[in-house]
Amino acid sequence: MRKTVIGIIAGVVAGVVIGTTLVGPRLVLNPTPAPNAKQPPAAPAKEPVTAALPLAGTQLAGLAATRWRLAAAYNRSLPQVGELADRVETVLWRISGGGFELKAYPPGKLAPTDRILDAVAAGTVDAAFITPEALAARNTALQLFAGAPFGPSARARLAWTYFGGGRELANRMFNKLGVQALPCGALAPEAGGWFRAQVRTVEDLGGLRIRMGGLGARVMEKLGAIPKNLKAEDIFVALENGELDAVSFSMPAVDAQLKLNDMARFYYFPGWQRPATLFHLVINLDRWRALSAVRKAQLETVCGDAVRDALASSEAVQFAALKDLTAKGVVISRWPTEVMAALKAAWREVVSEENAQNPDFREVWEALTAFERDFDIWRELATY
């Protein structure tokens, strides 16, 4: 299965065959999910405080209530990604019996999105829900805690984060900035991107205006592309105005709900720029240290649950989204071998530059790749 070449027979759907690869007809058949297919549940509404205090009379009843404000980096309307902060708010409220409120506010409400970390560190905001990629301006090494081009899978990343020293290394760097970070959500691999024209050679990337951010954008620049880091709400307008030739955004289920297929037809895989995404709850360091052991355990438990729920639910819905996109005429292909090789080579250049310029980046990269090398031996032995 790992070596299966994915392509698409689009004779029924789009009327073309892409190169020599064939995307299985299984994507064309049954384009909608089966009637009993389970969909990710939306976060339920919080109960009133009076209905949420089953712990009165126990040892927890003596804890002072904690009321925090949470700055979310993603709009609630953004499928899957935008729901994560609300779910954390709701589940924390429930397991604490209403004693711990982490009220989520939309982007820009509590602090400008590009100053979220400053606001949390200063204590004007208690916490923020982000991917460390958003903090690259403070330290490029922080991006590696969220995901990295050609980096480890979610399975390997979580193993490194929780039991390979990744979490401790992250907080050594985050603590210097005045915050504590908890892994608090994970997502399936992204797609490689939407393109208005086919990508057959490396030369096709030259001059290509693509929506892409983070370390992936650095890689694209090496190959002559022109990356633009646009917000989700600005992408469609940029496509309509002819300001973009391609878009790299998220997973198929998210991309489909944003209707990116209305503006671009060619959809490439894999998402080399983000094989896994790890979100973090970033907390003012003084407030974190002042929390009781019980409150810390509640936060860590809820965030661990958020990792499980978000990763499992995001993996579960991608195939149905791909079938639906195929039925709408989207051409799904794997990157040409030549292009993937060039992207990997460009990524190695970016890593070399960052390692030379930023000791923190080098430290994180060496720790991550050393763990991944050992993990890959285990993975090969354990995989049939």
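The values are calculated or read from the model by the stated rules, or taken from the named source; none is laboratory data. Just so it is clear, the model here is predicted, and its values are computed rather than measured. Positions of Cβ are generated from backbone atoms using ideal geometry, with glycine treated the same way; all protein chains shown enter the neighbour counts.
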(request) Keeping to segment 105-145, report how many residues are buried (at least 18 other Cβ atoms within 10 Å of the Cβ), out of contact with any Phe, Trp or Tyr (no Cβ under 8 Å at 6 or more places or on another chain) and charged (D, E, K, R). (result) 1
(request) Kindly provide the set of residues from segment 214-236 that are more than 19 Å from Ala345 (Cβ to Cβ), touching a helix residue (DSSP H, G or I) at 6+ places or on another chain (Cβ under 9 Å) and of a type outside the set (Lys, Arg), ordered by number. (result) Ile226, Asn229, Leu230, Ala232, Ile235, Phe236
(request) Test Gln298 against the stated conditions and say whether it is surrounded by 20 or more Cβ atoms within 10 Å (Cβ to Cβ) and polar (S, T, N, Q). (result) yes
(message) Looking only at segment 104-140, filter to residues that are under 22 Å from the mean Cα position of the chain (by Cα) and among the β-branched types (Val, Ile, Thr); which one of those is farthest from Val81 (Cα to Cα)?
(response) Thr140
(request) Identify all residues within segment 73-91 that are more than 21 Å from Glu190 (Cα to Cα) and of a type in the set (A, V, I, L, M); write none if there are none. (result) Val88, Val91
(message) Could you check segment 194-241 and list, in sequence order, the residues that are acidic (Asp, Glu) and at pLDDT 90 or above?
(response) Glu203, Asp204, Glu221
(request) Name the one entry in Arg155, Arg211 that is of a type in the set (D, E, K, R) and touching a helix residue (DSSP H, G or I) at 6+ places or on another chain (Cβ under 6 Å). (result) Arg211
(message) Criterion first (touching a Ser or Thr at 6+ places or on another chain (Cβ under 6 Å) and surrounded by fewer than 23 Cβ atoms within 10 Å (Cβ to Cβ)) does Phe100 satisfy it?
(response) yes
(message) Please pick out the residue among Asp376, Asp305 that is modelled with pLDDT under 95, under 24 Å from the mean Cα position of the chain (by Cα) and surrounded by fewer than 18 Cβ atoms within 10 Å (Cβ to Cβ).
(response) Asp376
(message) Quick check on segment 203-210. Is at least one of its residues in contact with a Ser or Thr (Cβ under 8 Å, 6 or more places away or on another chain) and farther than 18 Å from Ala342 by Cβ?
(response) no
